[in-house]
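One structure below.
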Amino acid sequence: MRLGLIGFGNVGKDFARLLVGSNSIHCVVAIIASRGGVMGNGVGNCMDRDEIMNYVNKGIYNGTGGINIDDLISANIDVAVVSIPPNYGSGEPNLGIYRKLLSNGISIITADKTGLALDFSGLLKLANDNDAQIRYRATVMAGTPAIDLVRGLRGRSVRDIKAVLNATTNFVLTKIEGGSSSRDAIDLAVKGKLAEPDPRIDLDGWDAGAKLVILANELGFKSTLRDVKLTGFNVNEDDVRRAIKEGKRFKQVAWADFLKGRLTVSIIPVNNDSILASVNGNYNAIEISVGDDMITLRGPAGPSRTTAEVLMTDLMEIQAIKRSR
């Protein structure tokens, strides 16, 4: 299949490394990065492995005069692999990219939550109408198959989902438990590249809310990020430390209450016997109430190599569908 890579940060580069090291035959036609874009042999031919690795090692720096989405479409790619930063404000350019690709029958594999969080139903309909696929396992708990778990519960009496889905907030709260101030903990997260340059995306619940919306839509609960009530990072440091002595931990909990039709993300105390209290750092956890039963899942969300591997899983699925037709 002919591929276009959109986004060439850590995840995009790790995905390129996987492609180069795999036995599968895929043709990388083009790569679009934040600082430019390139096409194979300059005219959309397949890049060879050395060419791809040269871009992985040295980056792509040809300014804004490089290629764009229209060039990818003209190059007749089959699949776009997207790993660009989110934009939950306007949704652009992310939403425009998804809509243009799908409208032209190009399938998408993505680690970016923006499009699905803001227009899940619309993008899936656009894909279906144009005989394209959209795969997004890497958007939620990338290193752990949360999407597959929730997808397998369609049609069952799921009452609610409670989940800890953001590694940055995990890190910051753990540091506060250990005596750090909120400000110092947040600064450490930014300096260590555990958070976005603007950490509010993580701390105020936008990231977790986007993931919750994707899980809810998987179960047929039509919603967008605009429907999620976000309470922000409103924690008292003394309360966080006091909770430890009371057998609790403060966690950023994303909660979909399907009985009340409510989606929320807030930082609340969680009992230590809950799986939600057990996760730190890059680990996430999810509790799903199904009838009178509880289903739980705990595992890693990343790092970038793991996210890239999940993108590869989605690529293999699209390839299998293509071969079966």
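The values are calculated or read from the model by the stated rules, or taken from the named source; none is laboratory data. Model, not experiment: these values are computed from the prediction. As a convention, Cβ positions derive from the backbone with ideal geometry for all residues, glycine included, and neighbour counts pool all protein chains shown. What goes into the accessible areas is simple: the full protein's heavy atoms, side chains included, and nothing from ligands, DNA or RNA. Shrake-Rupley method; radii C 1.70, N 1.55, O 1.52, S 1.80 Å.
Worth pointing out:
- Top-ranked residue of the range 138-163 - restricted to ones that are part of a loop (DSSP other than H, G, I, E, B) and among the aliphatic types (A, V, I, L, M), ranked as farthest from residue 256 (Cα to Cα): 142
- Matching residues, the range 289-305, being closer than 29 Å to residue 11 by Cα and either in a strand (DSSP E or B) or in contact with a Pro (Cβ under 9 Å, 6 or more places away or on another chain) (or both): 296, 297, 298, 299, 300
- Pairs where the first residue, in the range 209-226, is at negative phi and the second is among the charged types (D, E, K, R), C-beta under 8 Å, 6+ apart: 210/113; 211/113; 213/227; 214/113; 218/151; 218/154; 219/154; 224/119
- Selected residue (only one of 112, 148 is touching a residue at least 12 places away in the same chain (Cβ under 8 Å) and not β-branched (Val, Ile, Thr)): 112
- Of the criteria (1) farther than 28 Å from residue 224 by Cα; (2) outside any helix (DSSP H, G or I); (3) not polar (S, T, N, Q), which one residue 108 fails: (1)
- Applying the criterion of being within 19 Å of the chain's Cα centre (by Cα) and more than 18 Å from residue 139 (Cα to Cα) to the residues of the range 227-251, the residue that is most open to solvent (accessible area, probe 1.4 Å) is 227.
- The listed residues are 185, 210, 216, and the only one of them that is closer than 18 Å to residue 279 by Cβ and small (Gly, Ala, Ser) turns out to be 185.
- Listed here are the strands (runs of 3 or more DSSP E) enclosed by the range 14-102 that have at least 1 residues being open to solvent by 40 Å² or more (accessible area, probe 1.4 Å) and in contact with a helix residue (DSSP H, G or I) (Cβ under 6 Å, 6 or more places away or on another chain), and there are none.
- When the range 149-162 is filtered for residues that are open to solvent by 60 Å² or more (accessible area, probe 1.4 Å) and out of contact with any strand residue (DSSP E or B) (no Cβ under 9 Å at 6 or more places or on another chain), the ones remaining, listed by number, are 151, 154, 155.
- Residue check, residue 120 under 25 Å from residue 302 (Cα atoms), in contact with a helix residue (DSSP H, G or I) (Cβ under 8 Å, 6 or more places away or on another chain), modelled with pLDDT under 95 and part of a helix (DSSP H, G or I): no
- So residue 266, is it open to solvent by less than 70 Å² (accessible area, probe 1.4 Å), within 18 Å of the chain's Cα centre (by Cα) and not acidic (Asp, Glu): no
- Taking the criterion of being more than 21 Å from the chain's Cα centre (by Cα) and under 20 Å from residue 213 (Cα atoms), the only residue of the range 295-325 that qualifies is 295.
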